[in-house]
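A.B. asks: The structure's right below; bear with me while I get my questions together.
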Amino acid sequence: MIPPPIPNQEEARLAALKRYQIEGVGREAAFDHATDLAAHLFEVPISLVSIVGAEEQRFKGATGLAAPCTSRDVSFCGHALHRTDVLVVEDALKDERFFDNPLVTGDPHIRFYAGAPLLLGDGTIPGTLCLIDRKPRSFSREEEEDLTRLAKLVVVIIEMRLESIVAEERQHALARMKDEFVAATSHELRTPLTSIAGSLGLLLAGAAGDLPERARRLVGIAHSNSKRLVGLVNDILDMDKLASGKMHLDSDPVDVAQVLGETVEANGGFAADHCVRLVSDPVPSGLKVLADHRRLLQVLTNLLSNAVKFSPKDGTVTLSARESEEGRVRITVADKGRGIPEEFKSRIFSRFAQADASDEREKGGTGLGLAIVKEIVTQMGGAVSFDTALGEGTSFHVDLPAGELS
């Protein structure tokens, strides 16, 4: 037996296997289809897409052979790496390179072999599309040309893989750049915006004396919009922390009645401005959830503010909680608003999702609130869902692990 020699530029060839992401063990459907076709057309029991690595040849596609790989030292395909035409071995027992090869003397008992190199666009040959038979046979020039054509189809699959990899990497890089830019810009904006909103609030409160009615109205508009900008910046920063896993969340027993009461109290003024009444139903005594208290308050505030904004004038938003099945507690925020359109349901928890952009601007919102809610609840080991009916209202449910009873 003569082991296959190492090709020139072997280091570059092995690097190409990694670049194309074809060096690992494991078959793939596209390559299996190619070997099925080859085996059928040439009437052989075995066909392989063999990728020759540093120590093994690994079969990315295979028909008639269950083994995922063999040693490179005994591979026929290793010999085919040194040529651009088809390597044909009509009778392995009569070839000094293979007559005592364990793949010839033992399973799968190779007698005939034909391997067409997979010649990539950069000149790299990662392996072959090969045919194997357990009996000797001849192989015509026409058959070599047909096998070469099939090998080119396999090359197209590999090249398309690289194009897909490059496109995906570019997309990820652009997404990272965007996220980093948005996060950095948001950090820079938060301090001055908070200062502006605070200063305008002081003016409205009379810190600089009474303002003329027209000036007061303009300052009020500026104050309202500056607070909206601060909310947008904070939402973007929260989303960035959640997506990158940088937001720390505690998991402590939280009294449900207490957190519902805090939510109603904190949002009472907001609800009154929208002529909406907040109601908190009685909570079972001692009911607790395992959560981060501050972030749970943020979740419920977000859901409640949405419910208020989309409630009719003189409407009611209700907060309630109960023990559910399997050691969980369900907290519900329910409104009697217009409900969620069918076409919007599937993307309601997506970033910047808005059912109606013009209406959302009128109501005031960032399009990030429900995405943040879902991320926080998920990271606290819970789930968020909703029930809705057009013209009747919407109920959002937050299901969290139950804490101990007091």
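A.B. asks: If the requirement is being charged (D, E, K, R), modelled with pLDDT of 90 or more and surrounded by 18 or more Cβ atoms within 10 Å (Cβ to Cβ), which of these qualifies: Arg322, Arg338, Arg330, Arg295?
C.D. replies: Exactly one residue qualifies, and that residue is Arg330.
A.B. asks: Looking only at the range 344-384, filter to residues that are closer than 24 Å to Gly231 by Cα and among the hydroxyl-bearing types (Ser, Thr, Tyr); which one of those is modelled with the lowest pLDDT?
C.D. replies: Applying the filter and picking the extreme gives Ser358.
A.B. asks: Which numbered condition in (1) part of a helix (DSSP H, G or I); (2) within 34 Å of the chain's Cα centre (by Cα); (3) more than 25 Å from Ser395 (Cβ to Cβ) is the only one that Met247 fails?
C.D. replies: Condition (1) is where Met247 drops out.
A.B. asks: Among the residues in the range 185-194, are any in a helix (DSSP H, G or I), at negative phi, loosely packed, with under 14 Cβ neighbours inside 10 Å and at pLDDT 80 or above?
C.D. replies: Yes; the residues of the range 185-194 include at least one that is in a helix (DSSP H, G or I), at negative phi, loosely packed, with under 14 Cβ neighbours inside 10 Å and at pLDDT 80 or above.
A.B. asks: Quick one: in the range 130-179, which of the residues that are among the acidic types (Asp, Glu) and under 29 Å from the mean Cα position of the chain (by Cα) is modelled with the lowest pLDDT?
C.D. replies: Ranking the qualifying residues of the range 130-179, first place goes to Asp179.
A.B. asks: Do we have Val254 as open to solvent by less than 50 Å² (accessible area, probe 1.4 Å), at pLDDT 90 or above, touching a strand residue (DSSP E or B) at 6+ places or on another chain (Cβ under 6 Å) and in a helix (DSSP H, G or I) here?
C.D. replies: Taking the combined requirement at face value, the residue does not satisfy it.
A.B. asks: Spot the failing condition for Arg111; the list is (1) under 15 Å from Ala38 (Cβ atoms); (2) of a type in the set (Lys, Arg); (3) in contact with a helix residue (DSSP H, G or I) (Cβ under 9 Å, 6 or more places away or on another chain), and only one is missed.
C.D. replies: (1)
A.B. asks: Let me ask something else. Every residue in the range 129-155 that is out of contact with any Phe, Trp or Tyr (no Cβ under 8 Å at 6 or more places or on another chain) and either polar (S, T, N, Q) or open to solvent by less than 10 Å² (accessible area, probe 1.4 Å) (or both), please.
C.D. replies: Matches in the range 129-155: Leu129, Ser138, Ser140, Thr148, Ala151.
A.B. asks: Also, quick follow-up: From the list Glu159, Glu145, Glu169, pick out the single residue that is more than 30 Å from Asp85 (Cα to Cα) and without any contact (Cβ under 8 Å) to a residue 40 or more places away in the chain.
C.D. replies: Exactly one of Glu159, Glu145, Glu169 is more than 30 Å from Asp85 (Cα to Cα) and without any contact (Cβ under 8 Å) to a residue 40 or more places away in the chain, namely Glu169.
A.B. asks: Now a separate question. Being assigned to a helix (DSSP H, G or I) and buried (at least 18 other Cβ atoms within 10 Å of the Cβ), is that true of even one residue in the range 268-275?
C.D. replies: Yes, the range 268-275 has at least one match.
The values are calculated or read from the model by the stated rules, or taken from the named source; none is laboratory data. Only a predicted model underlies this, so the values are computations on that prediction, with no experimental measurement involved. All Cβ positions, even for glycine, are placed from backbone atoms using ideal geometry, and neighbour counts span all protein chains on display. We work out accessible area using only protein heavy atoms, side chains counted, and drop any ligands, DNA or RNA first. Shrake-Rupley method; radii C 1.70, N 1.55, O 1.52, S 1.80 Å.
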